[in-house]
Each structure stands twice: as C-alpha cells, then as structure tokens.
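What follows is one structure encoded as structure tokens, with my remarks underneath.
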Amino acid sequence: MTFQLKDSGRRRHSPKAASAQARGTRGLGALCILATLACLSGLAATYFFFVRTTTGQFIDESALVEAVAIHGPAGKAATEFLDWLPTISLVVAAVVVLFVTVIRRRWASAGIALAACVGANVATQVLKELLPARPFRGVETLELNSLPSGHTTLAASAAAAVFLMASPRWRPFAGFVGGSFAIVSGVSTLVNQWHRPSDVVAAFLLVGAFVIPAGWLIIRKGSAWNVWDGFGSHWASSRWWLGLPVLIGLASAAVAVYSLAKIAPGPGQEGSTTNYFWAGISLIVIAGYLATVAATSLFAFGARRRVPAGR
C-alpha cells in the first residue's frame, strides 16, 4: 500500500505532466500576445475612425449631444455616481486585493496587478496629452482630445485588479461583476456628457492591453494557486457568468441595429432623435461585455485543471 501511494505521487508530478503544463503556459503566452495586439489595434482603429473621420465624428458627437434628452433624473444619478466613482473603485479594489494578498500571501501577484492598474491610468493621461486635437471634419465638436476616458479607465482597471487576484473558480463571477461596473461607469460618463462612446471603448481596450500581459505573469508566477476544477464546479464558476454577458451583448447589438436603421437614409428616415445615443450606449455595452467574456475565457484556459487524488 505504501508503495502504491508513493508511486501515484510520482505520477502526479511526472515529467510528462510537467511537459504538458509547460506547453499550456506557452500556448497561453501566444494567446496573450495576440490578445494584447488586438487591444492595441482596436485602440488605434477606434481613434482613427471616431476622431479622424467625418462619419466617426458625426456618430460620436451625435450620441453625446442626444444625451441631453435624458439628462434629467438619469443625469443627476450619473453625476452622483461619477463623483463617487474614484472612491468606490479604489476602496473596493484595495480592500479585495489587500485581503487576498494578506490571507493568501500572493505578494508577487498583487504587485503585478497593482502595476497594471497604475500603468493603465498613467497611459490614459499620457495619451490625452500626446494625441492630437480632434481635427475639423465638418462636424461641430470640441477640439480638445478626450480619448480615452479617465473615469472608465479607473473603474475598469480597478475591476481588473480584483479579477486578476481572484482564484480561478471566482474569476467568472468577478469578471461579470467587474465588467458590469466598468460598463455602468462608461455609460454614466456619456449620460452626463463627459465623454463620447469612443472614449469609453478606448479605455476598455487600453486597460486590456495592460491587464492581459499582467494576467499571464500572474499565472506563471502563481501557478500553485491558479488551479481549478473547470466551469460548473462552483457557483462562481458557472458558465452563466459567460452566457449572461453574451445575451446582454446580443440584445445590445439588436438595439444598435434598430436605432441605426431608423436614421439610415431612405423611406421612413427619422430626424434628430435619441437613436445615436442608444446606439452609443449599445456600443459601450457590447465592447465591455466582449472584453469580459474574452478575458474570462482566456484566463480560464490558462489556469491548470486540478488532478484528482489517486491519479
């Protein structure tokens, strides 16, 4: 019996298992590089289309102008939320990250997550200063550059820090809640006329460009605790936390198509309404939840599966 227990223990840590784990890490590294490049490319494309082209400027500015139509009670609530947003983001992220770090002793991972959060916010302010002012393309708009949204970056990066520090089985739930918080933050900046939809989308992409490499480092450095039993093994790792944002994203896409179809050239075309505003809201929701699902899926793939006892 003693011999069998020792033998099973050796099999659990066999060179074959170690080789499979190494291949998995390399595979995650390649996916993280592609995902980071996709974020940077998306950021560049968002800037070019919505800032440098007439069509993009018109769509973006129309959504901002039409926010006036619902700025009553919604605007007041958005203003109060935005006033509290920096405090809420920093306090929640600090409490969760500090709690996990102290209890679980994940010091290196906490440092990486914090560096990614700070880096994303610093990069946002640098881009605001370095990117050229909005050129005149026949659209009446403020010339100053407001891309990316600083409030959205703060909310998204704080949510991302919590996501990265969470154990794999908690990440699907943390991703959905954090993604929803970032989306609400972005929508509030549009309702309050602080930012255009493209500013919010750019913030999501910028945070992704910092969070993805940080997540790869955390999985490499914290391979001992980045282990789970897969989706469905715990309520926080239910596939519903992936399915729900997909459903909301599809519903938002339907709203965007309907809104833009009503103002498309042709019979039945409407004049100035709130259609651009709702299309802008839909764009923020789609981008936010797409990033949520992608990040959750990516790091679910990267986490090791727990080996059952006796194997």
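The values are calculated or read from the model by the stated rules, or taken from the named source; none is laboratory data. In this text, all values refer to a predicted model and were calculated from it rather than measured experimentally. Quick reminder, even Gly has a Cβ in these numbers, built from the backbone with ideal geometry, and neighbours come from all protein chains shown. Please note that ligands, DNA and RNA were not included when accessible areas were found on the heavy atoms of the full protein model with its side chains. Shrake-Rupley method; radii C 1.70, N 1.55, O 1.52, S 1.80 Å.
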Segment S41-K128, extension gain: residue separation times 0.36 nm, minus the distance between their alpha carbons: 29.6 nm
Percent RCO, i.e. relative contact order, over region 73-218, from Cα pairs under 8 Å lying at least 6 residues apart: 34
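May I ask you to compute the full-extension gain from I33 to L260, defined as 0.36 nm times their residue separation minus their alpha-carbon distance, rounded to one decimal in nm?
Working: separation 227, 0.36 × 227 = 81.72 nm, distance 3.44 nm.
Here the segment from I33 to L260 would lengthen by 78.3 nm.
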Sequence ranges 213-222, 96-105, ranked by mean other-Cβ count within 10 angstrom, highest first: 213-222, 96-105
Per-selection Kirkwood Rh - region 60-130 (Cα, Å, 1 d.p.): 15.2
Nearest 10 degrees, 0 to 90: helix 171-191 Cα axis against the chain principal axis: 10
Helix 2-12 axis, angle to the chain major axis (alpha carbon atoms, nearest 10°): 30
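So, for the chain, what is the accessible surface per residue at a probe of 1.4 Å, expressed in square angstrom?
Working: 15820 Å² over 311 residues.
Heavy-atom accessible area per residue stands at 51 Å².
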Over region 158-242 - Rg/Rh using Cα atoms and the Kirkwood inverse-distance radius: 1.05
Nearest-10 value in Å² for the accessible area of L164, using the 1.4 Å probe: 10
Area of D83 that stays accessible when all protein chains are in place (1.4 Å probe, Å², to 10): 100
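Let me spell out the model: positive unit charges on the Cβ of Lys and Arg, negative unit charges on the Cβ of Asp and Glu, origin at the Cα centre of the chain. What dipole size does that give, in debye rounded to 20?
Working: 26 positive and 12 negative charges, 487 e Å.
In total the dipole reaches around 2340 debye.
Specify whether the C-alpha gyration tensor of the chain places it in the rounded, prolate or oblate class, a ≥ b ≥ c being the square roots of the eigenvalues: rounded for a/c under 1.5, otherwise prolate if a/b is larger than b/c and oblate if not. Intermediate results must be reported in sequence, preceding the final value.
On the way: a/c = 2.31, a/b = 2.13, b/c = 1.08.
Prolate, since a/c reaches 1.5 and a/b exceeds b/c.
Cα-based Rg of region 82-201 per 2.2 N^0.38 Å, rounded to two decimals? The partial results should precede the final answer.
Working: Rg = 16.2 Å, N = 120, 2.2 N^0.38 = 13.6 Å.
Taking the Cα Rg and dividing by 2.2 N^0.38 Å, one obtains 1.19.
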Cβ-based charge dipole, the chain, positive-most Cα from F299, N226, T87: N226
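Considering the convex hull of the alpha carbon atoms of region 164-311, report its projected area averaged over all viewing directions, in nm², one decimal.
Approximately 10.5 nm², given one-decimal rounding.
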The chain, accessible surface, carbon-and-sulfur percent (1.4 angstrom probe): 70
